[in-house]
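Visitor: Take this structure, written in structure tokens, and hold onto it; I'll ask about it next.
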């Protein structure tokens, strides 16, 4: 495994667009859950999974920063018991701006975390309330200033466009404020309305006025151009960084490499098998009393599926899919497997070949899902 994802499913507030495995923090067995994370790591080690050579650890959720300082400290202590944190290339955590106190920042920093991925989403006060966020428009700037004072340099923020009633001007204002922070990494996502969310229910009732496709495309184009002008390279469809500050952990996913998924509802990919842990907290914690990993379902990835994943994940990267690496992994030339599909996409101007790789063109970046579908049979 190259990476490890650890899921913290607790939130003090559920955002209206979120469909991840999460629960309200109040009245939950938070301390017991943290101990279960340690138990799962111990079971993995006992089953022969080696953490040697691990490059990244990523704390996600839910919201890892919903934990108290003491709980965060205990979580990091358990991770240290099993992982040589000092040998990692990257140790990241997701964070909410209004939960990232100076005390928690210190705990994270002292525990070896060196990369913050902060869920800002917007710098517009009205839009923040509209999407269920609890922080104010000026909170991220204050928190990032504090984080830098404590020693964090590797900081990223997430932004979302295509929000209900969001105008081009509002998106431009958010980009202005985001760029003024001069961070090494930014992520920008279009809103996707997922089932079982507040927004999904509103949409079904005709009460979710989303910008049209043309406006969303204009927002995406603005994002790309503004990032380029600021020296942030679009190394993946939704991610931008100054060279050398790309998210190593997320690149493991897009490189189609193996990683462990730890925690309730976490997904992983180990020894050629994709798996998902039990989602409900009680089921997740009880399942480990047997001494076995809390895996709900597991699937052995066929060679055909692995090649498909290599294409639709790899094409998300600006570097694309390497012809040489594809042949090394699968023993067949890429063009022998997907020649007809590649020719069709090339004729449409959606992909091109350069530097020994197949890559999306700018037109292809805007129509990525259409391209990816061609590799799924």
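Visitor: What ranking do 167-175, 7-15 get when scored by the average of other Cβ atoms within 10 Å per residue, highest first?
Guide: Numbers: 167-175: 17.4, 7-15: 20.7.
Answer by packing, highest mean first, reads 7-15, 167-175.
Visitor: Note down the relative contact order for the chain as a percent, whole number, built from C-alpha pairs under 8 angstrom at least six residues apart. Present the calculation step by step, with values, prior to reporting the outcome.
Guide: Working: 656 pairs, mean separation 58.6, N = 377.
So the answer I get is 16 percent.
Visitor: Full-extension gain between residue 182 and residue 214, please, as 0.36 nm times their residue separation minus the C-alpha to C-alpha distance.
Guide: 8.7 nm
Visitor: Compute the length gained on full extension between residue 198 and residue 355: take 0.36 nm times their separation in residues and subtract their Cα-Cα distance, giving the result in nm to one decimal.
Guide: Details: separation 157, 0.36 × 157 = 56.52 nm, distance 4.49 nm.
Answer, rounded to one decimal: 52.0 nm.
Visitor: Helix-derived [θ] at 222 nm for the chain: sum -39500 (n - 2.57) over DSSP H runs of at least 4, divide by residue count, nearest 500?
Guide: Numbers: 15 runs with 154 residues, N = 377.
For the chain, the value works out to -12000 deg cm²/dmol.
Visitor: For the chain, what proportion of DSSP beta bridges, expressed in % and rounded to the nearest 5, is antiparallel?
Guide: Values: 23 of 55 bridges.
Of all bridge pairs located within the chain, approximately 40 percent are antiparallel.
Visitor: Still on this model: With r as the distance between the Cβ atoms of residue 340 and residue 130 and R0 = 56 Å, compute the FRET efficiency 1/(1 + (r/R0)^6) and round to 0.05. Working shown, then result.
Guide: Numbers: r = 45 Å, r/R0 = 0.81.
The value I calculate is 0.80.
Visitor: Here's something else I'd like to know. Please work out the C-alpha center-to-center distance from region 213-245 to region 102-142 and express it in whole Å.
Guide: Distance between centres, Cα-based: 21 Å.
Visitor: With label points built 7 Å along Cα→Cβ from the Cα atoms of residue 305 and residue 369, find their separation and express it in nm.
Guide: 2.3 nm
Visitor: Here's something else I'd like to know. Simple spin-label model, 7 Å along Cα-to-Cβ: residue 172 to residue 146 in nm?
Guide: 3.3 nm
Visitor: Moving on. For each of 148, 2, count neighbouring Cβ atoms within 10 Å of the residue's Cβ, then give the residues from fewest to most. Mind dumping the intermediate values first?
Guide: Working: 148 14, 2 19.
By the 10 Å Cβ count, ascending, the order reads 148, 2.
Visitor: Then there is this: Candidates (i) 57, 50, 44; (ii) 62, 57, 41; (iii) 69, 45, 38; which is the computed Cα extents along the principal axes in Å?
Guide: (i)
Visitor: Turning to a different aspect of this structure: What number, in percent, do you get for the relative contact order of region 91-154 if the mean sequence gap of Cα pairs under 8 Å and at least 6 apart is divided by its residue count?
Guide: Numbers: 72 pairs, mean separation 27.3, N = 64.
Dividing the mean separation by the residue count of region 91-154 yields 43 percent.
Visitor: What is the fewest-to-most order of 22, 329, 207 by other Cβ atoms lying within 10 Å of their Cβ?
Guide: Values: 22 21, 329 15, 207 10.
Taking fewest neighbouring Cβ atoms as first place, the list is 207, 329, 22.
Visitor: Please list, in order, the residues from region 121-156 whose amide nitrogen is less than 13 Å from a point placed 7 Å along the Cα→Cβ vector of residue 102.
Guide: Within reach of a label on residue 102, which here means backbone N under 13 Å from a point 7 Å along Cα→Cβ, region 121-156 contributes 143, 145-151.
Visitor: Sticking with this one: For labels at residue 222 and residue 26 in the simple 7 Å Cα→Cβ model, what's the distance in nm?
Guide: 3.7 nm
Visitor: How much length is gained on full extension from residue 19 to residue 233, taking 0.36 nm per residue of separation minus their Cα-Cα distance?
Guide: Values: separation 214, 0.36 × 214 = 77.04 nm, distance 2.89 nm.
Going from the current span to full extension adds 74.2 nm.
Visitor: Would you please state which residues of region 54-86 a label at residue 270 would reach in this model, taking the label point 7 Å out along Cα→Cβ and a backbone N cut-off of under 18 Å?
Guide: Output list for this probe position: 54-60, 78-85.
Visitor: Put one equal scatterer on each alpha carbon of region 106-255, apply the Debye formula with no solvent term, and list log10 I(q)/I(0) at q = 0.11 1/Å to two decimals.
Guide: Reported log10 I(q)/I(0), two decimals: -0.45.
Only the coordinates and a few stated rules stand behind these numbers; no lab work does. Quantities reported herein were computed from a predicted structural model and do not represent experimental measurements. With ideal geometry, Cβ positions are generated from the backbone for all residues, glycine too; neighbour counts draw on all protein chains shown.
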